């Protein structure tokens, strides 16, 4: 308990209560707070557990627990006796009117200096998780560090507390009101990464030539798997902001980019978008889109038709290293592929995923590959065509 | 002005006294500083090394940065020696104090320890710009690339190794916004406040001017800019160190290449540029063009042309261009011109092949247009002309005649003619375009053009 602040919690032991007085008497010893635990395993609420020694007398004891300037969920307050759990009994809890307080009625069979543990949910104290990853020059692994950022705006100063997460070691820390503390809690060197380039035809412009003086960046991500092979995999990685750096080979680093990750359970992947590559250029064009009428009504209007469509996508790698480009194409509605010069995986009814290995640029120029796919869309009805994904 | 201050407080372990005794021990100054400046975002990675004198036991290091634009959440300190004996336990942002961080360091060594402090700051920026000088015959161009580094960070960085990053970095928060937050990580359940006004610029001009004058008298040997690829970015390292006082900019030569072969390319596309021909200067970022060692960062290019033997110049125009990867073509748009003319003329129009539905209404037809295109080069140099024609339909056939150069289908409704013209010459060609309409589209068969 910090008596310097007026946002304090007070605990008053009322002894020898014969009858309920009109004004509640709040006096007697102010028990010092002993061991305190700040438990941050639930991201939605922070649980405080504190131990205090109550000087109990034989008979009925009234213990008044009140707080000012802090926000405690009164329904969350729990009391547990630690020294004589069979001999000291909590009889009832009452809430005085218009007060941030509660009164415990405790029955004791003798005089004890009883250690009790009081638990409650305290607002405006929480934690954030941040990551810092430094990749090697070849981009094959990262040295991953994770920090716990403890933010205390609860109104309460904690001189010393054990700060607990759901995994890892506890921190012995004090934290004052309005104070923020950043502590390193995870250090995993040499976590393997996969670098991923992704072109999604529904999200990126098709023809860079049609854009005046703008580069089309192909999003680049690092993929980390939360598994033992990656020297991770012991527990879920919490969501938070990740900043990525890279060793520049000159005993220094450059900042690669930052992203925010959600919770990554064991066995799952974390994908961190670092920035855009402008050295891989995709030029996608529609070379054919013809209608083949399959039925007309008796007025001669087309009521059903198919299409013959052809899409080409030229991929140029201007990098001096190879890259694996993930290309995503979309064909809405019912369709069948007539010919496609590259292998793809059908991810769902209208999404095709290509994994395209691009060699490095050579003396002769950029490495060029061209996807050419010719397909038919079937049974289209004028005015009721399935939605074409966003283009250009 | 030095706004970043470091104070090392040593807490002498005193077992008998309840309160720790705080001693102000040293004010270590920066030994070296390195700036890595980004241009896709207002962001700079600062790495500075300082020698701290640590004592065995608990040490507190206070780092303050009032009136700068440092992102406090990016602060990191790493010992460069005895790393196993020095534990940086935590970094605390004390309550009710702004722009201050306190590192708690458990040291197992007594004496000087080199440490490296890194952080991200806003306010430093760089941009690329270029100057091109064409020879009189416009066959080659001298190309000079410059970088301009500007410091508005609130901090003077003296003798800093300066590095520039070319590339598009993904960031979530603006560093300037993070720098202005009252609490580095915000507070629970609160949306960060809107950005405040930029940090005040209380720079003393006279002092800064003295610095610059001093620099101006130093021997002026052009510095080399070393370029290397890292991940998806390029890193430019400026030779030696630079001092850029707060509020000042500095221009440095990045490269200077003479006799880059250029093509005078003219483009005509009514739908895009209107009736005028647009002039482009084209070259390739490759070895043949004496370039191609690294990508060229996007920027503005001002193009001049040498006139006469006296080294006089004529201003041709300017163009901004995008990032050019190695081996990619560069096309610089210098704007519309009148000395090259492309005149498409519709010489004949007819329709045929009518189809009728059951009620004898027209349901299909063909339109046949005969175009004549005249291209006139009034200049006294060789030029290359690209003419694009859009048909607004994909159901078309074409029959070319005359000297139409090379011809290609760009996409389903666009074709491109490419012609080379001698000085002061004219070329004429024609084409007959048949487009299919209504049910006649059903009779159209694709022929690879």
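The values are calculated or read from the model by the stated rules, or taken from the named source; none is laboratory data. Keep in mind it's a predicted model, so treat the numbers as computed, not measured. A quick note on method: Cβ atoms are made from the backbone with ideal geometry, for glycine too, and the neighbour counts reach across all protein chains shown.
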Quick one: which residue in B:69, B:78 is outside the structural domain of residue B:317 (by TED's automatic domain parsing) and surrounded by 18 or more Cβ atoms within 10 Å (Cβ to Cβ)?
B:69
Sole exception among (1) exposed (fewer than 15 other Cβ atoms within 10 Å of the Cβ); (2) facing chain B (nearest Cβ under 7 Å) for residue A:223, by number:
(2)
When every residue in region A:108-144 that is within 17 Å of residue A:65 (Cβ to Cβ) and surrounded by fewer than 18 Cβ atoms within 10 Å (Cβ to Cβ) is compared, the one nearest to the other protein chains (Cβ to nearest Cβ) is A:123
Could you please let me know if residue B:431 is in contact (Cβ under 8 Å) with a residue 12 or more places away in the chain, within 14 Å of chain A (Cβ to nearest Cβ) and buried (at least 18 other Cβ atoms within 10 Å of the Cβ)?
no
Matching residues in region A:80-103 (under 21 Å from residue A:69 (Cα atoms) and surrounded by 15 or more Cβ atoms within 10 Å (Cβ to Cβ)) number 4
Can residue A:148 be described as modelled with pLDDT under 95, surrounded by 19 or more Cβ atoms within 10 Å (Cβ to Cβ) and either out of contact with any helix residue (DSSP H, G or I) (no Cβ under 7 Å at 6 or more places or on another chain) or under 30 Å from residue A:67 (Cβ atoms) (or both)?
yes
Give, as residue ranges, the strands (runs of 3 or more DSSP E) completely inside region B:18-129 that count at least 2 residues that are touching a helix residue (DSSP H, G or I) at 6+ places or on another chain (Cβ under 6 Å).
B:70-79
Could we say that residue A:194 is without any contact (Cβ under 8 Å) to a residue 12 or more places away in the chain, farther than 19 Å from residue A:130 by Cα and away from chain B (no Cβ under 12 Å) here?
no
Given (1) crowded, with 16+ Cβ neighbours inside 10 Å; (2) more than 30 Å from residue A:314 (Cα to Cα); (3) at pLDDT below 90; (4) over 40 Å from the mean Cα position of the chain (by Cα), where does residue B:371 come up short, assuming only one miss?
(3)
Within the bounds of region B:425-448, is there any residue that is within 36 Å of the chain's Cα centre (by Cα) and assigned to a strand (DSSP E or B)?
no
Which numbered condition residue A:208 misses (of (1) within 25 Å of residue A:322 (Cα to Cα); (2) at pLDDT 90 or above)
(2)
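One line per residue, one yes/no per condition, for (1) surrounded by fewer than 21 Cβ atoms within 10 Å (Cβ to Cβ); (2) under 12 Å from the mean Cα position of the chain (by Cα):
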| position | (1), (2) |
| --- | --- |
| B:126 | no, yes |
| B:129 | yes, yes |
| B:132 | no, no |
| B:135 | yes, no |
| B:140 | yes, no |
| B:144 | yes, no |
| B:153 | no, no |
| B:161 | yes, no |
| B:164 | no, yes |
Within region A:197-209, restricting attention to residues that are more than 14 Å from chain B (Cβ to nearest Cβ) and not in a strand (DSSP E or B), which residue is nearest to residue A:163 (Cα to Cα)?
A:203
Residue A:212: passes all of (1) facing chain B (nearest Cβ under 8 Å); (2) in a strand (DSSP E or B) but (2)
Is there a residue in region B:317-329 that is surrounded by fewer than 21 Cβ atoms within 10 Å (Cβ to Cβ), away from every other protein chain (no Cβ under 14 Å) and not in a loop (DSSP other than H, G, I, E, B)?
yes
For residue B:93, only one of the following conditions fails: (1) within 13 Å of chain A (Cβ to nearest Cβ); (2) at pLDDT below 90. What is its number?
(2)
Find the residue count for region B:235-260, including only residues that are in a strand (DSSP E or B) and either surrounded by 21 or more Cβ atoms within 10 Å (Cβ to Cβ) or in contact with a helix residue (DSSP H, G or I) (Cβ under 6 Å, 6 or more places away or on another chain) (or both).
6
How many residues, within region A:290-304, are in a loop (DSSP other than H, G, I, E, B) and facing another protein chain (nearest Cβ under 7 Å)?
1
Taking region B:382-405 on its own, how many of its residues are more than 14 Å from chain A (Cβ to nearest Cβ), touching a strand residue (DSSP E or B) at 6+ places or on another chain (Cβ under 6 Å) and over 12 Å from residue B:429 (Cα atoms)?
5
